Every structure is written in C-alpha cells, then in structure tokens.
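All remarks here apply to the structure that follows.
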Amino acid sequence: MTKKFSPFSQPRPPLHLFLQKPNNSLAGLDTYVAMPPNNTQAKGVALLITDIFGAHRKNPKLWADRLAAANDFVVVLPDFFRGDAWPAGTELSAEKFQKWLAKHPRDRVLPEAKAVVEEIAKKFSKTPLPVSAVGFCWGALYATLLAGGPNPSVASAALLHPSLLTLKEFKEVEAPMLVLFTANDQQVSDEFRAEIVEVLDAKNKEKKPATAHHYYSDQAHGFSLRGDDTDEKVAAAAGDAFERTAAWLREHGSAK
C-alpha cells in the first residue's frame, strides 16, 4: 500500500536556504528561509509561526520547503522564541507553561512579527510581494492579530489548530482567513468552535473578508505539525491540511 502524503512524510528536497552569518536574520530573529525551486520568480511570501516547540525542528522546516515548492513562494520561519522554545517531551503543566509563556509576551512578539512582515515584503523581490501568515497553535494567535483590522499587516492568514485566542480577535479579522479545527481540542472547545464558525461565516457571507474553515473530526490538536506520520489517517489529514493551506495562500496571497 502506498503511504499517504503528508508535508513531513518525504525526504526534504534541496530547496531550502538556511541563512548563515551575516545574513541569518529577519528583524533581528534567526530565520529559516525556503525559496521557490529552480530560481522561479516568487509569487508571494508566507510567514510561518510555529507552535510552542519552535522553529528549530524538522517538521516546520519541511512545511516551509514544501510550501515554497507548491506555491512558488518565499517561506520564512523565524525563531520568535530566540532559542527558548518549549522543550519537547517536557511535562506541559499549567504552572510551568504560564511561567514560560510570560517570557514571550504579546507586547514583544507581535511587534517583532510585524517587523518581519515589513522586512520580507520587500527583501526577496524587486517589487514588494504580498505576505501571508500561517500560524500553528501558539502561532495562530499572531497570524490572527496580523490579519486584524482596520489595516491588516498581511494579505491573508491560515490557522491550524489555533490556541490562546478569544472571539474578539476573530471578530476583528479583516484579511482573508482559513481556520482548520480538530476534535477534542482543549484549546478550542466545541462550543467555542461553533462561535468562531458563526463569526467566520458572517464575514464570508459578505466577503468582508473571505473566510473558510474545516473540521477534522478524527484528529487531535497538533496533528498537522506533530502528528504520527506512521498512522495513515494522520498522514492523510496532515496532507489535506497542507493542501488546503497552500490553496488558500495561492488564492489570497499571490501577486496579481
């Protein structure tokens, strides 16, 4: 049986560019950059904002590589935690997590994210390219804030199993947004998901802005970035989430 595709099920293609000193930063953050293949002219830029486990892991880099190839995008993956991502395998207790989260406050991260957007909008092309944000879990908060009105910092956004958000932040979204939800999610309860969907659908009805959402009833929080790729259902769902994200950014984040 052929193994189902997921964005991290294949060997990494030679598309990535891991910038070395002195060009290893965007807005002062260590950044992994994936370029379109074969020196193709980029059609847009995607900013990936990871979950709490950070940018210096294989799967986020594979996501960047494959999104660059699928969309002819420049894809950037900054280390917003500055080397202090949550250690994999560490117990995620509420007390420890809140202490760690306090070291990475919104009033520092959001200005950094906006500075990255401003820099990458003109760094990789003679003419500025539209920038979209893709946020996973923790990163979905910042993708949403970047998509907030009245003058969004990004052309579009995609959220995968989001966390740490309130309904107010969804109501303030003014850029096209895709949201991918999962079942049994402690971060987004069934009731909260229904409220978010109502807000998104109301916006989409008037295309102010365009929105879309999808619910993975058989997947757990984190599946698209940290799922068990040996499980065919997880691999298939992760591949579907990747394709939906790539298609959304092609439609709403490509240069006209």
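From Leu200, Leu178, Leu225, which residue is farther than 24 Å from Leu101 by Cα, touching a residue at least 40 places away in the same chain (Cβ under 8 Å) and not acidic (Asp, Glu)? Don't jump to the end; show me each part of the working.
Details: Leu200 fails: touching a residue at least 40 places away in the same chain (Cβ under 8 Å); Leu225 fails: farther than 24 Å from Leu101 by Cα.
Unique residue meeting the criteria: Leu178.
In summary, helices (runs of 4 or more DSSP H) completely within segment 120-206 and bearing 3 or more residues that are over 30 Å from Thr40 (Cα atoms) and of a type in the set (Val, Ile, Thr) occur at 190-206. Annotation: of all residues in segment 191-231 being in contact with a strand residue (DSSP E or B) (Cβ under 7 Å, 6 or more places away or on another chain) and of a type in the set (S, T, N, Q), the one that is most open to solvent (accessible area, probe 1.4 Å) is Asn204. The set of residues in segment 161-194 being farther than 13 Å from Gly148 by Cβ and among the polar types (S, T, N, Q) consists of Ser163, Thr182, Asn184, Gln186, Gln187, Ser189. Note on segment 45-74: residues that are within 15 Å of Ala143 (Cβ to Cβ) and not in a helix (DSSP H, G or I) amount to 9.
Only a single item in (1) over 24 Å from Arg66 (Cα atoms); (2) under 15 Å from the mean Cα position of the chain (by Cα); (3) open to solvent by less than 10 Å² (accessible area, probe 1.4 Å) is not met by His161, and it is number (1). Annotation: His104 fulfils all but one of (1) assigned to a helix (DSSP H, G or I); (2) out of contact with any strand residue (DSSP E or B) (no Cβ under 6 Å at 6 or more places or on another chain); (3) not aromatic (Phe, Trp, Tyr); the unmet one is (1). Would you confirm, using the coordinates I've provided, whether Ala121 is out of contact with any strand residue (DSSP E or B) (no Cβ under 8 Å at 6 or more places or on another chain), over 15 Å from Asp51 (Cα atoms) and either surrounded by fewer than 20 Cβ atoms within 10 Å (Cβ to Cβ) or among the acidic types (Asp, Glu) (or both)? For Ala121, the condition - out of contact with any strand residue (DSSP E or B) (no Cβ under 8 Å at 6 or more places or on another chain), over 15 Å from Asp51 (Cα atoms) and either surrounded by fewer than 20 Cβ atoms within 10 Å (Cβ to Cβ) or among the acidic types (Asp, Glu) (or both) - is not met. Criterion applied to Leu249, Leu167 was being crowded, with 19+ Cβ neighbours inside 10 Å and either on the phi < 0 side of the Ramachandran plot or among the charged types (D, E, K, R) (or both), and the one residue passing it is Leu249.
The values are calculated or read from the model by the stated rules, or taken from the named source; none is laboratory data. In this text the structure is predicted, and so the values were computed from the model without any measurement. Cβ: placed from backbone, ideal geometry, glycine included. Neighbour counts: every protein chain shown. Protein only, heavy atoms only, side chains kept; ligands, DNA and RNA dropped before computing areas. Shrake-Rupley method; radii C 1.70, N 1.55, O 1.52, S 1.80 Å.
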